[in-house]
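Student: The structure is given below, and queries will be raised subsequently.
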There are 2 protein chains.
Amino acid sequence: MNFPSKLIEDAVNEISRLPGIGKKTALRLVLHLLKQKENVTEDLSQALLALRKDIKYCSKCHNVSDETVCSICKGLKRDKSIICVVEDIPDVLAIENTSQYQGLYHVLGGVISPMQGIGPDELKIESLFERVRIAPDDEKVQEVILALPATMEGDTTAFYITRQLKDLGVKVSTIARGIPVGGELEYTDEVTLGRSILTRVNYSAD
Amino acid sequence: MNFPSKLIEDAVNEISRLPGIGKKTALRLVLHLLKQKENVTEDLSQALLALRKDIKYCSKCHNVSDETVCSICKGLKRDKSIICVVEDIPDVLAIENTSQYQGLYHVLGGVISPMQGIGPDELKIESLFERVRIAPDDEKVQEVILALPATMEGDTTAFYITRQLKDLGVKVSTIARGIPVGGELEYTDEVTLGRSILTRVNYSAD
């Protein structure tokens, strides 16, 4: 694609480095910005710069935060005896949006993947064990819920964490895998359907 | 959607003001930028700011340009006797990418739309007539090609321009409407198919 202006070319190149945005979409966005008032572009640029420069990560759960300890970890109504372990920040947002969980989180920043050279040391796994170990008596961690992706890497990570946490005497659970609410049995893949039968829930016990 | 950080919320809000980008996509982009090195975000912001601040419009054809007169208008190999009139900048890029056109352009910046309160005065129409009028004898405009959208507004604009240009003694043509190359007759809409029959091209004359 030939561009009539170096400035447009630069902007298109930078925007199209974002995931899921190609050159054509980038050009559309650039031309849109050119049609708007100058402050629209300024606000966008400033917000991005401020974001990247000033963002902090919670020293406890490694979620993004505006302060050293995030609002969830500081939350007075939060059940500090439960920690939900997730792969990354969007997972925290997704679980928060369900309003079904009142415990704390722990963001690993990825999952163990020998293929990509990501071992436990590249992730915030040791700090999870540390959190469990140093928790004061009135905030003792009773349960760790693993909400990791249902992939081989996710399972490896879950296995690794589970083995270590057992030694610390913490109950470890994992979120349920099964047919999504509203999902049709006949269109569900065999692995999910098979697992949902194996991990069936007892009605009377529930 | 609740955000764990005001900085993220601001960035998501600004990004989701762009066309075709919702809050979820914006959040994905923001989290992607957080994972990249800081200079990725800086380069992006700088490119956008520079674009919006330093972009110029060609004083002749109103295409975007880095200088007062764009590279097409200055091009030595360009046929200055033909002007192709388009609605907006992407149309210039699209036609340029065909490599089938060697004349000049004229970007109107929109089309006449009484519904949206856009009259000829809001567009660069008068400057088109002026270009035709003041062209020196060796660069006299022989033909104006209208490459406007096939909508009511596009047709209105074409009609308006045609009537005025006739008085200036310039040949006016419009790009062919018809079945796209590779298109199937049976799937073409009736209006296009009907028009393509009415405006059929004589083989022997061609």
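The values are calculated or read from the model by the stated rules, or taken from the named source; none is laboratory data. Everything numeric here is computed off the predicted structure, so don't read it as measured data. All Cβ positions, glycine included, derive from the backbone under ideal geometry; neighbour counts span all protein chains shown. Note: areas computed on protein heavy atoms with side chains; ligands, DNA, RNA excluded. Shrake-Rupley method; radii C 1.70, N 1.55, O 1.52, S 1.80 Å.
Student: Each residue of region A:184-199 in order: what ³J(HN,Hα) in whole Hz does its phi give by Karplus 6.51 cos²θ - 1.76 cosθ + 1.60, θ = phi - 60°, with x for Gly and Pro?
Tutor: Rounded to whole hertz, the list is 8, 3, 5, 9, 7, 5, 5, 4, 4, 4, x, 5, 5, 7, 4, 9.
Student: Need the C-alpha centroid separation for region B:21-38 versus region A:27-64, integer Å.
Tutor: 9 Å
Student: Separate question: Nm distances between the label at B:P149 and the same-position labels in the remaining copies, 7 Å along Cα→Cβ, shortest first?
Tutor: Spacings between copies for this position, smallest first, are 3.9 nm.
Student: Now for a different question. Return the sequence-ordered ³J(HN,Hα) values of region A:50-62 in whole Hz as given by the Karplus equation 6.51 cos²θ - 1.76 cosθ + 1.60 applied to θ = phi - 60°, using x for Gly and Pro.
Tutor: 4, 3, 5, 7, 9, 5, 10, 10, 4, 6, 8, 9, 6
Student: Rounded to the nearest Å, what's the spacing between the alpha carbon centres of region B:123-140 and region B:161-191? Just the number, please.
Tutor: Region B:123-140 and region B:161-191 have Cα centres spaced 23 Å from each other.
Student: Now a separate question. Nm distances between the label at A:Q100 and the same-position labels in the remaining copies, 7 Å along Cα→Cβ, shortest first?
Tutor: In nanometres, ordered from closest: 5.6.
Student: Might you tell me the accessible area per residue for the protein assembly as shown, computed with a 1.4 Å probe and given in Å²?
Tutor: Numbers: 24280 Å² over 412 residues.
Averaged over the residues of the protein assembly as shown, the accessible area is 59 Å².
Student: Now for a different question. For A:Q36, which inter-copy label distances result when the label point lies 7 Å beyond Cα on the Cα-to-Cβ vector, reported in nm to one decimal and in ascending order?
Tutor: Nearest first, the other copies' label points are 1.8 nm away.
Student: Next up: Over the whole of A:9-17, what's the average partner chain Cβ count within 10 Å per residue? Rounded to a whole number, please.
Tutor: Numbers: counts 3, 7, 9, 2, 3, 10, 6, 0, 6.
Mean inter-chain Cβ contacts per residue within 10 Å come to 5.
Student: So what J values fall out for region B:5-11 if you push phi through Karplus, 6.51 cos²θ - 1.76 cosθ + 1.60 with θ = phi - 60°, rounded to Hz, Gly and Pro as x?
Tutor: 8, 4, 4, 5, 4, 4, 4
Student: At 7 Å along the Cα-to-beta-carbon direction for both B:T192 and A:E122, put a label point, then send me their distance in nm to one decimal.
Tutor: Going by the 7 Å Cα→Cβ label model, 4.8 nm.
Student: Place a point 7 Å from the Cα of A:T151 along the Cα-to-Cβ direction; which residues of region A:91-120 have their backbone N under 15 Å from it?
Tutor: Counting backbone N atoms under 15 Å from the label point, the list is A:91, A:108-119.
Student: Provide the packing ranking of B:193-202, B:54-63, i.e. peptides ordered by the mean count of other C-beta atoms within 10 Å per residue, highest first. Please list the in-between numbers first.
Tutor: Working: B:193-202: 11.3, B:54-63: 19.0.
By packing density, highest mean first, the sequence is B:54-63, B:193-202.
Student: For peptide A:21-27, what's the mean number of Cβ atoms from other chains within 10 Å of each residue's Cβ?
Tutor: Counting other chains' Cβ atoms within 10 Å and averaging over A:21-27 gives 2.
Student: Hey, if you put +1 on the Cβ of every Lys and Arg and -1 on every Asp and Glu Cβ in region A:6-54, which of A:V30, A:A50, A:G20 ends up farthest toward the positive end of that dipole?
Tutor: A:G20
Student: What are the residues whose amide H is under 5 Å from the amide H of B:I118, where those residues sit 5 or more places off or on another chain and H is modelled from the backbone?
Tutor: B:S113
Student: Smallest Cβ-to-axis distance in chain A, for the rotation taking A to B: which residue, how many Å?
Tutor: For the rotation taking chain A to chain B, the closest Cβ gives A:S45, 2.
Student: Give a quick list of GluC sites (Glu not before Pro) in region B:162-206 that DSSP marks as loop, anything other than H, G, I, E or B, with at most 12 other Cβ atoms within 10 Å. If you can, show how the numbers build up before the last one.
Tutor: Numbers: sites: B:E184, B:E186, B:E190; in loops: B:E184.
Passing sites in region B:162-206 are B:E184.
Student: Return the FRET efficiency for the residue pair B:V181, A:D54: r is the Cβ-Cβ distance, R0 is 60 Å, and the value is rounded to the nearest 0.05.
Tutor: The formula returns an efficiency of 0.70 here.
Student: Further question on the same structure: Loop-only GluC sites (Glu not before Pro) in region A:1-93, please: DSSP not H, G, I, E or B, and at most 16 other Cβ atoms within 10 Å.
Tutor: Values: sites: A:E9, A:E14, A:E38, A:E42, A:E67, A:E87; in loops: A:E67, A:E87.
The qualifying sites are A:E67.
Student: Carbon and sulfur together cover what percent of the accessible area of the protein assembly as shown at a 1.4 Å probe radius? Write down the numbers at each step before the final one.
Tutor: Values: 12750 of 24280 Å².
Answer for the protein assembly as shown is 53 percent, counting heavy atoms of protein chains only.
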